[in-house]
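Here is the structure we will look at, set down as structure tokens.
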Amino acid sequence: MSGVNNNVDTSESYDAQQAVEDIAGGDRKAPDANVEADYEASKQFSVSDIDRTSEGATAAEAVTSPQLEVSELEPSTLTEDSTGNPNDYKKMASDASSSTPNVGNVSDDLVQKALEKGSTGEQG
């Protein structure tokens with residue numbers, strides 16, 4: 001069973017429908033709506049009285065100021081120039097591999113054992 005509440009207050013929709021019918025039949029005058037005047041009147045409520053003073057500006061600054069200290073980033077010290085020369089990349093790769101010994105080190109024996117076991121997709 002669904003948990004939807006089907007108890008709807010029909011008095012509001014009935015009243016609205018009755019008002020529409022009365023206006024259409026001429027029994028009731030349609031309400032006047034002056035959107036521009038309402039908009040202009042609403043502007044006076046968009047800013048509170050305290051916000052119009054220096055005290056409000058101080059309060060806003062206190063509320064919006066950062067609460068935690070943010071450290072400055074240190075500038076990068078890398079100064080490698082990109083020359084597009086493949087030898088530069090080979091040197092960089094060898095420097096990286098020499099700084100982490102035995103990681104990714106593949107010997108000819110290991111490759112030979114892998115070939116003896118079979119190629120990708122074959123089970124042996």
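The values are calculated or read from the model by the stated rules, or taken from the named source; none is laboratory data. All figures in this text were calculated on a predicted structure; none of them were measured in a lab. Note that each Cβ is placed from the backbone with ideal geometry, even for glycine, and that neighbours are counted across all protein chains shown.
Quick look at the numbers
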| quantity | calculated |
| --- | --- |
| Helices (runs of 4 or more DSSP H) wholly inside segment 10-71 that include at least 1 residues being of a type in the set (Lys, Arg) | 35-43 |
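So that you can scan it fast, the table gives a plain yes or no per residue for (1) surrounded by fewer than 10 Cβ atoms within 10 Å (Cβ to Cβ); (2) at pLDDT below 80:
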position: Ser42; (1), (2): yes, no
position: Phe45; (1), (2): yes, no
position: Ala59; (1), (2): no, no
position: Val70; (1), (2): yes, yes
position: Val106; (1), (2): yes, yes
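Results for (1) in contact with a helix residue (DSSP H, G or I) (Cβ under 7 Å, 6 or more places away or on another chain); (2) among the β-branched types (Val, Ile, Thr); (3) at pLDDT 85 or above, shown as yes or no for each residue.
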site	(1), (2), (3)
Asn5	no, no, no
Tyr14	no, no, yes
Val20	no, yes, yes
Ile50	yes, yes, no
Glu55	no, no, yes
Glu74	no, no, no
Thr79	no, yes, no
Gly84	no, no, no
